[in-house]
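So the structure is just underneath, and the comments pick up after that.
The values are calculated or read from the model by the stated rules, or taken from the named source; none is laboratory data. Just so you know, these numbers come straight off a predicted model, no measurement behind them. Neighbour counts run over all protein chains shown; Cβ positions are idealised from the backbone, glycine included. Quick note on the areas: whole protein, heavy atoms, side chains included, nothing else; ligands and nucleic acids left out. Shrake-Rupley method; radii C 1.70, N 1.55, O 1.52, S 1.80 Å.
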Amino acid sequence: MKIFIYVIIKDEEAPMHIGYSHDILKTVEFYKKMPSLNNRVSRLIYLEIAPSVESANIRFEELRILPLNDLIVQIKKQNPDFITIQPGINMDI
């Protein structure tokens, strides 16, 4: 089973949310529609695939503890322009 590790933001100035999910499409829609977030997170900018929940959890923890500047460097390795990733459209899932 594929597990997706992701980073979602509203814009480059906003706080980032890191997480993992087995259904990235539902996860992205959930964040877009969640009223309590006041549209603060709406753009998927980083996506990584892990082969298991255990490996996804390890990678999640690695990303979660990174200082913000280091996390941005990691994201920019995959997505230098912070383009919104659209799974199944501009990234295979």
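Counting only residues that are in a helix (DSSP H, G or I) and among the acidic types (Asp, Glu), which one in the range 47-74 is most open to solvent (accessible area, probe 1.4 Å)?
Kept after step one, since they are in a helix (DSSP H, G or I), are these residues of the range 47-74: 53-64, 68-74.
Going one step further and asking which of them are among the acidic types (Asp, Glu), we end up with 54, 61-62, 70.
Working: 54: 126, 61: 66, 62: 85, 70: 77 Å².
For the range 47-74, the residue satisfying everything is 54.
Show the residue pairs that are 6+ apart or on different chains and have beta-carbon atoms under 6 Å apart, the first residue being within the range 34-52 and of a type in the set (Asp, Glu), the second being buried (at least 19 other Cβ atoms within 10 Å of the Cβ) and at pLDDT 90 or above.
48/5
Table: residues versus (1) modelled with pLDDT under 95; (2) among the β-branched types (Val, Ile, Thr); (3) open to solvent by 60 Å² or more (accessible area, probe 1.4 Å).
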residue: 15; (1), (2), (3): yes, no, yes
residue: 20; (1), (2), (3): no, no, yes
residue: 79; (1), (2), (3): yes, no, no
residue: 87; (1), (2), (3): yes, no, no
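Please work out which one of (1) modelled with pLDDT of 95 or more; (2) in contact with a Phe, Trp or Tyr (Cβ under 7 Å, 6 or more places away or on another chain) is the condition residue 41 fails and give its number.
(1)
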